[in-house]
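Structure first, then comments.
Where a number appears in this text, it was derived from the coordinates with a stated rule and is not lab data. A quick note: this is a predicted structure, and the numbers were derived from the prediction, not measured.
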């Protein structure tokens, strides 16, 4: 009948620039991150996941996220940018 959503769970590590690499279990439905939880790796370096790693969907899908490089036009601090 209808199309069934493709749902997968990916075990990965947080890519935030910290010295720790927290294990994450990321649920993805039709190519969109739907849930992020601490992963259940057998020997984790650190238990759990930091708030930055758990906030990944908010960072990835925030409307103000930069999607391409920008070039400043005008004076520094003027807040004027153009696509680079």
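Across segment 7-83, the relative contact order, built from alpha-carbon pairs under 8 Å that are at least six residues apart, equals 21 percent. Here the translational diffusion coefficient of segment 44-84 follows from Stokes-Einstein with Rh set to the Kirkwood radius across Cα pairs; for 20 °C and 1.002 mPa s it amounts to 162 µm²/s.
Three principal axis extents describe the C-alpha atoms of segment 7-83; from largest down they are 53, 31, 15 Å.
Where only DSSP H runs of four or more residues are counted, the chain gives -2500 deg cm²/dmol as its mean residue ellipticity at 222 nm, each run worth -39500 (n - 2.57).
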